[in-house]
1. What single numbered condition from (1) touching a His at 6+ places or on another chain (Cβ under 9 Å); (2) part of a helix (DSSP H, G or I); (3) more than 30 Å from residue 234 (Cα to Cα) fails to hold for residue 119?
2. For residue 63, work out the one condition from (1) more than 19 Å from residue 4 (Cβ to Cβ); (2) of a type in the set (D, E, K, R); (3) touching a Ser or Thr at 6+ places or on another chain (Cβ under 9 Å) it doesn't fulfil.
3. Looking at the range 202-223, is at least one residue over 25 Å from residue 308 (Cβ atoms), within 15 Å of the chain's Cα centre (by Cα) and at pLDDT 95 or above?
4. Of everything in the range 135-147, what is touching a residue at least 60 places away in the same chain (Cβ under 8 Å) and in a helix (DSSP H, G or I)? Give them in sequence order.
5. Identify all residues within the range 449-459 that are outside any strand (DSSP E or B) and surrounded by 14 or more Cβ atoms within 10 Å (Cβ to Cβ); write none if there are none.
6. For the range 356-385, name all the residues that are surrounded by fewer than 20 Cβ atoms within 10 Å (Cβ to Cβ), in contact with an Asp or Glu (Cβ under 7 Å, 6 or more places away or on another chain) and modelled with pLDDT of 95 or more.
7. Could you list, in sequence order, all residues of the range 33-56 that are aliphatic (A, V, I, L, M), part of a helix (DSSP H, G or I) and surrounded by 13 or more Cβ atoms within 10 Å (Cβ to Cβ)?
Amino acid sequence: MKRVLVDMSATIIHHGHIRLLKKASKYGEVIVALTTDEEIRAKKGYEPELNYEQRKEILESIKYVKEVVPTSWLIDEDILKKYNIDLLVHGDDNSNQINEKKLLIFPRTKGVSSSLIRQKVMLAYAKKKSQNILLNPGPATTTANVKLAQVVDDICPREKEFGDLMEWVSTELTKIVANPKEYTTVLFGGSGTAVVESIITSVVPHDKKILIVNNGAYGKRMCQIADRFDINFIEFQSSPIEPINIQKLEETIQKNQNISHLAVIHNETTTGLLNNLDDLGNLAKKYNLELIVDAMSSYAAIPIDMNKQNITYLAASSNKNIQGMAGVGFVIAKKSSLENLKDIKPRSFYLSLYEQYTNFIKTHQMRFTPPVQTMYALKQAIIEAKKEGIENRYKRYSSSWETLTNGLKELKLKYLVDDEYHSKIITSIFIPDGVDFNDMHDFFYNRGFTIYPGKVAEFNTFRVANIGEIDYRDIEAFLEMLREYLSEG
């Protein structure tokens, strides 16, 4: 009887292996050439789930197998001679260089492999570990696939492969709000505040002024950045819960000379107030100002059209509505305006927007070390955002917000911003008398939900964000717990 060698690693033994062995047994006695642990570590770069002896024991118990022998990763003629083999049987991924007369190829069983099973196990584990529901305004709850996207082979970020990844990310982020022919995305390793700081410190000429709308903590932060770098700025204070008075804002522009930029938060994260970009864009256009928009809490959810809304610079990050991991901030900007920055001496070294932009054009690289794994997660998040669709994502968010606000009204709880001006993304809710936020936070945290404190000093509030990989059912669960907490109090 012929001796038939079947070459396999069988790190996770499955029905595909059994089918291959069954087919091979029709041609003679089956000897399994089982890859050793050392070879698997050297060639695949990981420790096999089952060691050689364990895999050998399982294979020897299969009725189609006569014998199991240890072999290297590749089978050659010397191995065939050593074990007196007449025929080598292999799947259609064969890479063994032996005489074709001694080789028999079978198609692999579709839909199964050790690698696929391993991925499914990792995905199931990630889903099991992803029970926490983040109701804070970012980082948001992410999918298991976004988390797992970070588990990649180590790579030097200066390799072309990684540069291509960043170029793809940059283009796709731009497409969400603008035409990549006229606009581009400049990537930074850092938080949302880092890229806001990059814009403010890079784009305002030293002999010009920036007009900043302050109607919440993040408008105030823009003022703090300008003040820290001695940038000439005018602070336009506005209500944190009511729309900007465009007439008064225009009067402020008329009363001041040398204003080159107007800066505003789109969705004020402290309250949920949504500022009207159409009105602001028209005003900036009327007075030939470049409009800077902090869109941290609106980008990839609330529709934005940078060209129609006359936005020159838009700041966002990887960890909110795009539903990636924290660590990447980015500026989407009009290319022509970026080119004009060459005549402005940057006030920051690391956050120089023009230098980051031009370096990326030349090399497809960030100037400094990027957050590698976070970038892979961002790629997966973008893929998922495109699959869901930005409009559909906002509909999902809006449905969750309606569930939340309807529940709050039933509980007789009030929130800061009127529905008419609300972003439907973040809600700042009044804390009932006698309730301690820290105690309430711990109650929810111990049950897998995270809420966030308020940030408007004159109001005693807490915040709930309905962003990330959650939906109205998670909000319903939160409301049920809120009823329980309030009834116990």
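1. It is condition (1) that residue 119 fails.
2. (1)
3. Scanning the range 202-223, I find no residue that is over 25 Å from residue 308 (Cβ atoms), within 15 Å of the chain's Cα centre (by Cα) and at pLDDT 95 or above, so the answer is no.
4. Looking only at the range 135-147, we keep the residues that are touching a residue at least 60 places away in the same chain (Cβ under 8 Å), and these are 135-143, 145-147.
Result: 145, 146, 147.
5. Our first condition is that a residue be outside any strand (DSSP E or B); within the range 449-459, this holds for 451, 454-459.
Listed by number, the residues that qualify are 451, 454, 455, 456, 459.
6. If the condition is that a residue be surrounded by fewer than 20 Cβ atoms within 10 Å (Cβ to Cβ), in contact with an Asp or Glu (Cβ under 7 Å, 6 or more places away or on another chain) and modelled with pLDDT of 95 or more, then 367 is the only one that fits.
7. Taking the range 33-56 and keeping what is aliphatic (A, V, I, L, M), we get 33-34, 40, 42, 50.
From the residues that got through so far, the ones that are part of a helix (DSSP H, G or I) too are 40, 42.
Residue satisfying the conditions is 40 alone.
Results for (1) out of contact with any Pro (no Cβ under 8 Å at 6 or more places or on another chain); (2) touching a residue at least 24 places away in the same chain (Cβ under 8 Å); (3) not basic (Lys, Arg), shown as yes or no for each residue.
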{"residue": "1", "(1), (2), (3)": "yes, yes, yes"}
{"residue": "5", "(1), (2), (3)": "yes, yes, yes"}
{"residue": "15", "(1), (2), (3)": "yes, yes, yes"}
{"residue": "19", "(1), (2), (3)": "yes, yes, no"}
{"residue": "29", "(1), (2), (3)": "yes, yes, yes"}
{"residue": "32", "(1), (2), (3)": "yes, yes, yes"}
{"residue": "61", "(1), (2), (3)": "yes, no, yes"}
{"residue": "65", "(1), (2), (3)": "yes, yes, yes"}
{"residue": "80", "(1), (2), (3)": "yes, yes, yes"}
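The values are calculated or read from the model by the stated rules, or taken from the named source; none is laboratory data. Computed from a prediction, not measured in an experiment: that's the story for all the values here. We place every Cβ from the backbone using ideal geometry, glycine too, and count neighbours over all the protein chains shown.
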